[in-house]
Amino acid sequence: MLKMVGNTLINYIQGDITSEKVDAIVNAANSGLMGGGGVDGAIHRAGGHQILDECKKIIANIGRLPAGEAVITGGGNLPAKFVIHTVGPVWHGGDRGEPQILKNAYFNSLKLGSKHELESIAFPSISTGIYGYPIENACLVAVGSVSDFLKSEKHYYKEIRFILFSEKDYLYYKGIIEKII
Ligand code: ADP
């Protein structure tokens, strides 16, 4: 079922984010921005060295990227024009600010995209792989943050997509989107 917030379509698909043809895909990166495992590794492998070269320049300028913040690079060989790199929280049980940091990661990625007048953006499920954030809580934060952003900030988004790698994750997002949007 397709859901709208204002004029923006909220979409959710099971798939591989590196194939998404959108203005930007979001990378669940780590603070060093040097690539890694999971979705980060997949994006760098598919996008080629151009993305890593830009990440290295960013790190040389700003130092490590704090959790909850976001930066943007070109999309290299990807179908997406840009990659927005953000860092989610590592899950330590939930009382070290993890929900707020995860919320910021989505919100700041959207804010950076709207600064670049992007009309479509695709998110993976940030922090729910190697970083261990429980999916049932993370999807609530993710969808809530996107919804808050669309209601409160100036933007150009026509579509926001959640790309879920597994069927289990897809079903969690579907449940939450149908319930709260
Ligand atoms: P984190 O370190 O933020 O937990 P991971 O990459 O380990 O990041 O996992 C985040 C989510 O991305 C997980 O749900 C994982 O299954 C998913 N994922 C891994 N590869 C891809 C991909 N190619 N496209 C979309 N999602 C992916």
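Since every read-out is calculated from the coordinates, none of them should be taken as a lab result. What you are looking at is a predicted structure, and each value in this text was computed from that prediction instead of being measured. Glycine also receives a Cβ, built like all others from the backbone with ideal geometry; neighbour counts cover every protein chain displayed.
Quote the FRET efficiency, to the nearest 0.05, computed for K111 versus E167 with a Förster distance R0 of 41 Å and r equal to the Cβ-Cβ distance. According to the calculation, E is roughly 0.85. For H155, neighbours were defined as the other residues whose beta-carbon sits under 11 Å from its Cβ, and their charges (Lys and Arg +1, Asp and Glu -1) total +2. Put simply, the amide H of Y133, placed in the peptide plane, has neighbours under 5 Å in W91, T128, leaving out anything fewer than 5 places away on its chain. Under 5 Å from the amide H of Q14 lie the amide H atoms of L164, each residue being 5 or more positions distant or on a separate chain, with H modelled from the backbone and absent for Pro and chain starts. For the chain, the share of DSSP beta bridges that are antiparallel, to the nearest 5, is 30%. The helix-based estimate of mean residue ellipticity at 222 nm for the chain, built from -39,500 (n - 2.57) per DSSP H run of four or more residues and divided by its residue count, is -13500 deg cm²/dmol to the nearest 500.
In order along the range 92-104, phi translates into HN-Hα couplings of 10, x, x, 9, 10, x, 4, x, 5, 5, 5, 4, 4 Hz, rounded to whole numbers, per the Karplus curve 6.51 cos²θ - 1.76 cosθ + 1.60 with θ = phi - 60° and x for Gly and Pro.
Amide hydrogen proximity for V5: with H placed 1.01 Å from N in the peptide plane, the residues at 5 or more positions away or on another chain lying under 5 Å are I10. Straight-line cross-link reach from K115 at under 28 Å between alpha-carbon atoms covers these lysines, not counting any fewer than eight positions away in the same chain: K3, K21, K56, K57, K81, K103, K151, K154, K158.
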